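**Q** Before I ask anything, let me first share the structure, which is written out below as structure tokens.
Taken together, the values in this text are just the output of simple stated rules run on the coordinates, not laboratory data. In this text the structure is predicted, and so the values were computed from the model without any measurement. Note that we place each Cβ from the backbone using ideal geometry, even for glycine, and neighbour counts take in every protein chain shown.
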Amino acid sequence: VSRERRAAPRWLAAFDALEARLGSWSVACAVLLGLLVVLGAALLAGC
Amino acid sequence: LSEPSAASPEGFLLPLALALPAIGVALAVVLGGRRAERVALAAFALGLGVAVAIAATVWRTGEALVYVVGAWAPPLGITLRADGLSAAMLVTSALLIAAAGLYGRRDFAGPPAGEGRAPLAFWTLLLTVWTGLDAAFLGSDLFNLFVALELLTFGAVPLVSLGGSAATLRAALRYLLFALIGSVLFLLGVGLLYGAYGTLDVALLAGRVRVDPAARVAAVLMTVGLLAKAALFPLHLWLPPAHAGAPPAASAVLSALVVKAPFFLVVRLWFDALPGLATPAAEQLLGVLGASAIVFGGVLAVRQERLKMLVAYSTVAQIGYLFLVFPLAAAGTPALAGGIVQAIAHALAKTAMFLSVGLIARGLGHDRIDGLAGAARALPVSLLAFGLGGVSLIGLQPSLLRRTALDAGQWWWVAAMLCGGALTAAYVVRVLARARSAAGPPAALQAPVERSRELLALALALLAFGVRMLPLSTLLRIGREP
């Protein structure tokens, strides 16, 4: 399935750039680890 | 939650709901050919009847249904349990799986004799996914819930790649990897809880769990694992290519139901298995991720040039609404019921939209939005179903979630929901305006589109529009109050 996008102003194209960045495996793994740390900090803060 | 060993007289309905699709899988594999389709259709009819009977019994008795497997009480044995939430999700699953099956009959008609691989795969995988969904909604043991998630993954991933193209295989592989990472994290959390408390039964665990690091680390691992499976932003990358690349009937099931099961399990984990463990910071974090999904998914849906990708990104956005439940439910509000109503309305609307998009793509020979000029005249019923499904997603109807957020004074979630509604309106109106436009060469039908399938999509869209008016919150509270 094509991932064609419409031409858009720069601020809107930033969403495309973020999407493309999140698509790489290294960034996806970093995001996953980041979520574990942040949610862990948020939950463990009450211990 | 009620005592796990207190079995209900009508509890036998619960294993029946699980066994029907599982037996259907076995029969379909053994019989093969066109008989696989007949087996699946019979299972859909019977399963829908059982799901409705479970919901009716829960409604009538005002109590959760419980079945103790083999009469062995937990922690040694396991129980199946259907409260109001489970009953509502069971009926929704049975209805939408049956609708996807009816729609898929034309696309996956098997050969009169012998084995057709794609039809046999479609019917058996659809039944497998249904078994996994029912197990997730009825399970009350964390390891059983892990098994349900695995069953769901191994049914859903091949559904994505049924088309067999390189792109769909890539999408399916990415989905599989994300799902497996989620499974590993979930299983690690399950192991930690078992080591710390010696039981995985949800009701027993709720009574034993303490606010200690072991329980909190387990909650973090399991929650992040489930977020990866639910495709909550920013872990959504696998969803758009997977859902847009699958055949329409499969896309509908994946988008409407499969991503709801991990959300349902996060609800079970936070509210039922580990109550009192969540901190306001963690609840707000889930809400922020949900609001980000609403905005991010909505903007990217507006930016798509293909209808199927638009609908897939719309799912990314709609998943965000569900996670607003967590900061709102903390205030002791009916937000949980609001979240489940939202999940059901989205499931109905998304099935209607994917099915109608499948018909539009079949009729016109493509799903390019720019090539839709005049499609409203060529395929009026399909466009109407798409539009009605979209309008129900905009959220013009009264919303329990929105009202709860206002009552709790958390206006920022209302702002996120209104922003999501505006983005949804933008992408739905864009498609409808293009379809009604007279500019450019008018769309012509390349292939006939069955009126019965158009009417099926339209009926689901109408149901999606009206479901918020039903007194669902009464049913959803059953089995959850002391």
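**Q** Give the average, rounded to an integer, of partner chain Cβ atoms located within 10 angstrom of each Cβ in B:299-310.
**A** If you average over the peptide's residues, the count of other-chain Cβ atoms is 4.
**Q** Here's a follow-up. Hey, if you drop one equal point scatterer on each alpha-carbon of the stretch B:301-391 and run the Debye formula without solvent, what base-10 log of I(q)/I(0) do you get at q = 0.12 Å⁻¹?
**A** -0.44
**Q** Charges at C-beta only: +1 for Lys and Arg, -1 for Asp and Glu. How large is the resulting dipole of chain B about its Cα centre, in Debye rounded to 20?
**A** Dipole of chain B, to the nearest 20 debye: 1240 debye.
**Q** Per residue of the stretch B:121-134, what does 6.51 cos²θ - 1.76 cosθ + 1.60 with θ = phi - 60° give for ³J(HN,Hα)? Whole Hz please, x for Gly and Pro, Karplus curve as stated.
**A** Result, ordered by residue: 4, 4, 5, 6, 5, 4, 5, 5, 4, 5, 4, x, 4, 4 Hz.
**Q** Quantify how strongly other chains surround peptide A:30-41 by giving the mean number of their Cβ atoms within 10 Å of each of its Cβ atoms.
**A** 6
**Q** Tell me the Rg and the Dmax, in Å, that the Cα atoms of the stretch B:191-325 produce.
**A** Cα radius of gyration and Dmax of the stretch B:191-325 are 16.6, 53 Å respectively.
**Q** Applying the Karplus parametrisation 6.51 cos²θ - 1.76 cosθ + 1.60 with θ = phi - 60° to the phi angles of the stretch B:237-252, what ³J(HN,Hα) value in whole Hz is obtained for each residue in order, glycine and proline being reported as x?
**A** So the Karplus estimates, Gly and Pro as x, are 4, 6, 5, x, x, 5, 6, 7, x, 6, x, x, 5, 6, 4, 4 Hz.
**Q** Taking chain B on its own, what percent of its Cα-Cα pair distances exceed 27 Å?
**A** When all Cα pairs of chain B are counted, 52 percent exceed 27 Å.
**Q** With the calculation restricted to Cα positions, what are the radius of gyration and Dmax of the stretch B:173-214 in angstrom?
**A** Radius of gyration, then largest Cα-Cα span, for the stretch B:173-214: 13.1, 40 Å.
**Q** Here is a further query. Once both labels are modelled 7 Å past Cα along the beta-carbon direction, what's the B:Y194-B:R377 spacing in nm?
**A** The modelled label-to-label distance comes out at 6.5 nm.
**Q** Going by average Cβ density within 10 Å per residue, which order do the peptides B:33-41, A:23-31 take, highest to lowest?
**A** Most protected by this proxy first, the peptides run B:33-41, A:23-31.
**Q** Expressed as a whole percent, how much of the Cα-Cα distance distribution for the stretch B:19-62 exceeds 12 Å?
**A** 60 percent
**Q** Can you tell me which of B:458-464, B:133-139 comes out highest on packing, and rank the rest after it, using the mean Cβ neighbours within 10 Å?
**A** B:133-139, B:458-464
**Q** With +1 on each Lys and Arg Cβ and -1 on each Asp and Glu Cβ, how big is the dipole of the protein assembly as shown about its Cα centre, in debye rounded to the nearest 20?
**A** Dipole about the Cα centre, nearest 20: 1420 debye.
**Q** Further, regarding this structure: If you bin the C-alpha pair distances of the stretch B:90-172 every 5 Å from 0, what whole percents do you get?
**A** Calculated over all Cα pairs of the stretch B:90-172, the distribution is 3, 15, 20, 22, 19, 13, 7, 2, 0 percent.
**Q** How high is the FRET efficiency from B:A42 to B:L455, r the C-beta distance, R0 22 Å, rounded to 0.05?
**A** With R0 = 22 Å, the Cβ-Cβ based efficiency is 0.50.
**Q** Search the structure for amide H atoms under 5 Å from the amide H of B:D141, placed 1.01 Å from N in the peptide plane, and list their residues when 5 or more places away or on another chain.
**A** For B:D141, the qualifying residues are B:V202.
**Q** Continuing with the same structure: Can you give the extra length, in nm with one decimal, that the chain gains between B:S165 and B:L16 once fully stretched, where that is 0.36 nm per residue apart less the Cα-Cα distance?
**A** 49.9 nm
**Q** In straight Cα distance, which lysines are under 17 Å from B:K229, not counting same-chain residues fewer than 8 positions off?
**A** Cross-link targets: B:K260.
**Q** Another question, if that's okay. Can you give me the distance in nm between label points at B:A415 and B:A439, each placed 7 Å from the Cα along the Cα-to-Cβ direction?
**A** 3.4 nm
**Q** Ranking request for peptides B:64-72, B:93-101: highest mean number of other beta-carbon atoms within 10 Å first, then the rest in descending order.
**A** B:93-101, B:64-72
**Q** How long are the three semi-axes of the equivalent ellipsoid of the stretch B:1-121, in whole Å, if each is the root of 5 times an eigenvalue of the C-alpha gyration tensor, listed from largest down?
**A** 33, 16, 9
**Q** What angle do you read, to the nearest 10 degrees and between 0 and 90, between the alpha-carbon axis of helix B:411-436 and the longest principal axis of chain B?
**A** Tilt relative to chain B: about 20 degrees.
**Q** Additional query: Got a sec? Charge dipole of the protein assembly as shown, +1 on Cβ for Lys and Arg, -1 for Asp and Glu; which of B:L65, B:A385, B:S161 is way out at the positive end?
**A** Value: B:A385.
**Q** Quick one: pull the percentage of alpha-carbon pairs in the protein assembly as shown with a separation above 43 Å.
**A** 12 percent
**Q** Per residue of B:278-287, what is the mean number of Cβ atoms on other protein chains within 10 angstrom of that residue's Cβ?
**A** Taking all residues of B:278-287 together, the mean is 4.
**Q** Would you work out the charge dipole size for the stretch B:1-69 about its Cα centre, treating the Cβ of every Lys and Arg as +1 and the Cβ of every Asp and Glu as -1, and quote it to the nearest 20 debye?
**A** Around 400 debye, computed over the stretch B:1-69.
**Q** Let me ask something else about it. At q = 0.13, 0.14, 0.20 Å⁻¹, what log₁₀ I(q)/I(0) does a Debye calculation on the Cα points of the stretch B:340-482 give, no solvent, two decimals?
**A** -0.63, -0.70, -1.12
**Q** Oh, and also: Can you give me the distance in nm between label points at B:L180 and B:H366, each placed 7 Å from the Cα along the Cα-to-Cβ direction?
**A** With each label point 7 Å from Cα toward Cβ, the separation is 3.8 nm.
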